[in-house]
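Below: the structure, in structure tokens.
The values are calculated or read from the model by the stated rules, or taken from the named source; none is laboratory data. Because the structure is predicted, anything quoted here is derived from the model rather than measured. Cβ placement follows ideal geometry from the backbone for every residue including glycine, while neighbour counts extend to all protein chains displayed. Remember, those area values only see protein heavy atoms, side chains included, never the ligands or the DNA or RNA. Shrake-Rupley method; radii C 1.70, N 1.55, O 1.52, S 1.80 Å.
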Amino acid sequence: MSKILDDLSGVNPFFLELQKRVFLNSLWKSIVGDRISAHTYICEGKDKVLEIWVSDPMLGSDLRFMSSDILSMMKKNGLEFKKIDVKRLRGGTNDKQ
């Protein structure tokens, strides 16, 4: 899959963005683990801000506390963000408790 995205990203900007999102989500999972990544949604917001969406306010609080470590690990893996913005995901989710 990675090879296909590499080839297509040079042809179409959509695939370049998809490749970046796949890498970001894979890195996120390796940094925070399966349990946390299953209960969060992440994306790159404006101005190099890493947006972390959570449905559990306690998890959001924990992630805010860990933000400098998360930013450091992201940077070590080639993704540099200025800051982290933890946001509350409201409404229905697919969380399996």
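Among the residues of region 35-50, are any of a type outside the set (D, E, K, R) and assigned to a helix (DSSP H, G or I)? Talk me through it step by step, then tell me what you get.
If we filter region 35-50 for residues that are of a type outside the set (D, E, K, R), which is where we start, we get 36-43, 45, 49-50.
In the following step, the residues that additionally are assigned to a helix (DSSP H, G or I) were identified as 36-37.
Yes - at least one qualifying residue is present in region 35-50.
Every residue, every condition in (1) open to solvent by less than 50 Å² (accessible area, probe 1.4 Å); (2) at pLDDT below 95; (3) at positive phi, yes or no:
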{"residue": "ASP6", "(1), (2), (3)": "no, yes, no"}
{"residue": "SER9", "(1), (2), (3)": "yes, yes, no"}
{"residue": "PHE14", "(1), (2), (3)": "no, yes, no"}
{"residue": "LEU50", "(1), (2), (3)": "yes, no, no"}
{"residue": "TRP53", "(1), (2), (3)": "no, no, no"}
{"residue": "MET73", "(1), (2), (3)": "no, no, no"}
{"residue": "LYS87", "(1), (2), (3)": "no, no, no"}
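Regarding LYS20, is this residue charged (D, E, K, R), surrounded by 11 or more Cβ atoms within 10 Å (Cβ to Cβ) and modelled with pLDDT of 95 or more? Explain how you work it out, then say what you get.
Working: charged (D, E, K, R): yes; surrounded by 11 or more Cβ atoms within 10 Å (Cβ to Cβ): yes; modelled with pLDDT of 95 or more: no.
It is false that LYS20 is charged (D, E, K, R), surrounded by 11 or more Cβ atoms within 10 Å (Cβ to Cβ) and modelled with pLDDT of 95 or more.
Take ILE31 and decide whether it is at pLDDT 95 or above and more than 9 Å from the chain's Cα centre (by Cα).
For ILE31, the condition - at pLDDT 95 or above and more than 9 Å from the chain's Cα centre (by Cα) - is met.
In region 25-38, what residues are open to solvent by 60 Å² or more (accessible area, probe 1.4 Å), among the polar types (S, T, N, Q) and closer than 18 Å to LEU89 by Cα? Full working, then the answer.
Taking region 25-38 as the starting set, the residues that turn out to be open to solvent by 60 Å² or more (accessible area, probe 1.4 Å) are 25-26, 29-30, 34-35, 38.
Okay, now just the ones that are also among the polar types (S, T, N, Q), so 25-26, 30.
Of everything in region 25-38, just one residue is open to solvent by 60 Å² or more (accessible area, probe 1.4 Å), among the polar types (S, T, N, Q) and closer than 18 Å to LEU89 by Cα, namely ASN25.
Hey, among the residues in region 39-48 that are open to solvent by 70 Å² or more (accessible area, probe 1.4 Å) and in contact (Cβ under 8 Å) with a residue 24 or more places away in the chain, which one's farthest from LYS83 (Cα to Cα)?
If we filter region 39-48 for residues that are open to solvent by 70 Å² or more (accessible area, probe 1.4 Å), which is where we start, we get 41, 44, 46-48.
Applying the additional criterion that residues be in contact (Cβ under 8 Å) with a residue 24 or more places away in the chain yields 41, 44, 47-48.
Values: TYR41: 16, GLU44: 10, ASP47: 9, LYS48: 7 Å.
Per the stated criteria, the residue is TYR41.
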